[in-house]
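Take a look at the structure set out below.
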Amino acid sequence: MKHTLKALLPLAGLAAFAGTTPPAVTYHKDVEPIFQARCQECHRPGEIAPFSMLSYNDIRPWAKAIKSDVLTKKMPPWFADPHYGHFSNDRTLTKAEIETISSWVDGGAKEGDLKDAPKPREYVKGWNIPTPDVVLTPSQPFHIGAKEEVPYQYLVMPTEFTEDKWIQMAEARPSDRTVVHHVVVFIRSPESKWLRQAQPGVPYVPPGPSNFNNISGGGNEVLMIYTPGMIPEVWRPGLGKLIKAGSDLVLQIHYTPSGKDTQDQTSVGLVFAKEKPTERALTSAAGNMTFRIPPGDPHYEVKAESAFPNGATILSFFPHMHVRGKSFEYKLSLPDGSSETLLSVPKYDFYWQLDYRLPEPLKLPPGAKIECTAVFDNSPNNPTNPDPTKEVRFGEQSWEEMMFGFYDVIVPVDWTMRDLYTPQKPLPSKSE
């Protein structure tokens, strides 16, 4: 009897082990929800990613590459140091999500039962926002040569608005994302004289050398900025951006050749606010245009700051440099002398210029400052450096450099940019 019991014990152990074997990881049950939440925004037809992730058949050939990219954290692209701040658009995969994807690939990337699939995400065809109320599109595409150096193109798009319009959502959509480095959409006010010589709907290059007045929009406000990987602008109810009656949109488009002849026809879609907002969003920046980066310097710091005499309410950050950009930091300096790092991007990537959106607006007291520090690598060790032997200055082309720490702020609905930076008289007390 003892002999028989001993013989059965290993079998009982095997049975117990078999009972605890975890079920196989499958696409529909375990992996598809992750891809929906983290990847499909860019990985679908018409977006920046090189392949679609809307279906199992789309994804299966890329399974091993996906595993490699998530293990190395190359994908999804996200560059904020997690030790400083939290951001609502953080695409970073959790450790558990990375392990799930890795186990799925190692197990043969099985599809599983379609019944386990989550409900598909719904997208408006051609847009990441709901169906726009207005779409502005140039009449003709713009040609970009295979190796052509293209100056900034300015495209005046009349809105023909006969009344003020508050914008709840805005999206710029290039038709060929491979050659569009950025699109800045300015709101040209009816009284502005900027680029009045440009023919509406026709790409235009201002005469003479590039200058800051044109690069910064001639003193006009920014509606939105497009860069690869950036999600559209969506403002919560009660908050929006204003396009005054009679205004035009001016698209500043920076094209970078891709090695083949192509053409682009960038459109802008707008969704109107259903009711007049109670607050206004503005885009501003701390910038520096006087720097000179020495040849071969691997760690050259450039600083800029913005002071807020009336305080400010910050929505988001968007650091901007070119191919020598190495790192970028936003720091809050308070009137009492204390300071705090709001955002640190230790490995800036010129090819994935992202914004960083706060989950809750950050209120700054009067006298607060935002101090930005950009670091540039002009050494031969920078693989994207076009020429480490040259001094580098401010300029619009990628082989030149820029240093802007953009941020979005909330202001009272009747404020302009001037009001944000001009000390306001205190309101009289009730007794006065």
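The values are calculated or read from the model by the stated rules, or taken from the named source; none is laboratory data. No experiment lies behind these values; they were computed from the predicted model shown. Please note: Cβ atoms are built from the backbone with ideal geometry, for glycine as well, and neighbour counts cover all protein chains shown. Heads up: the accessible areas ignore ligands, DNA and RNA and are worked out on the full protein's heavy atoms, side chains in. Shrake-Rupley method; radii C 1.70, N 1.55, O 1.52, S 1.80 Å.
The simple spin-label model puts a point 7 Å past each Cα toward its Cβ; for His86 and Asn57 those points are separated by 4.1 nm. Given a cut-off of under 8 Å on Cα pairs at least six residues apart, what relative contact order in percent is computed for the chain? Once divided by the residue count of the chain, the mean separation gives 18 percent. Extension gain, Glu148-Glu191: 0.36 nm per intervening residue step, less the Cα-Cα distance, totals 11.9 nm. Out of Tyr356, Pro138, Phe406, whose Cα points farthest toward the positive end of the dipole of the chain (charges: +1 Lys, Arg; -1 Asp, Glu; placed on Cβ)? Of the candidates, Tyr356 comes out farthest on the positive side.
Residues Cys42, Cys372, sorted by accessible area with the largest first, give Cys42, Cys372 [1.4 Å probe; ligands and nucleic acids excluded].
List the residue ranges in the chain for DSSP H helices whose C-alpha atoms run 15 angstrom or more along the long axis and whose Kyte-Doolittle average is 0.0 or above.
Working: long enough: 2-20 (27 Å, 0.84); 95-106 (16 Å, -0.22).
Helix filter hits for the chain: 2-20.
Across Lys67, Lys241, Lys274, Lys110, the residue with the most accessible area heads the list, and the full order at a 1.4 Å probe is Lys274, Lys110, Lys67, Lys241. Relative contact order of region 202-340, taken over Cα pairs closer than 8 Å and 6 or more residues apart, is 20 percent.
Determine one quarter of the surface area of the Cα convex hull of the chain, which equals its mean projected area, and express it in nm² to one decimal.
Values: hull surface 125.7 nm².
Spelled out: convex hull of the Cα atoms, projected over all directions, averaged, 31.4 nm².
Only protein atoms count toward the accessible area here, which uses a 1.4 Å probe; on the chain, the carbon and sulfur part of that area reaches 55 percent. Summarising the label geometry, the points placed 7 Å from Cα in the beta-carbon direction at Asp419 and Ala245 lie 2.0 nm from one another.
Counting only C-alpha contacts under 8 Å and six or more residues apart, can you give the relative contact order of region 281-432 as a whole percent? Intermediate results must be reported in sequence, preceding the final value.
On the way: 347 pairs, mean separation 62.1, N = 152.
For region 281-432, the relative contact order is 41 percent.
Counting only protein heavy atoms and a 1.4 Å probe, the chain has 51 square angstrom of accessible area per residue.
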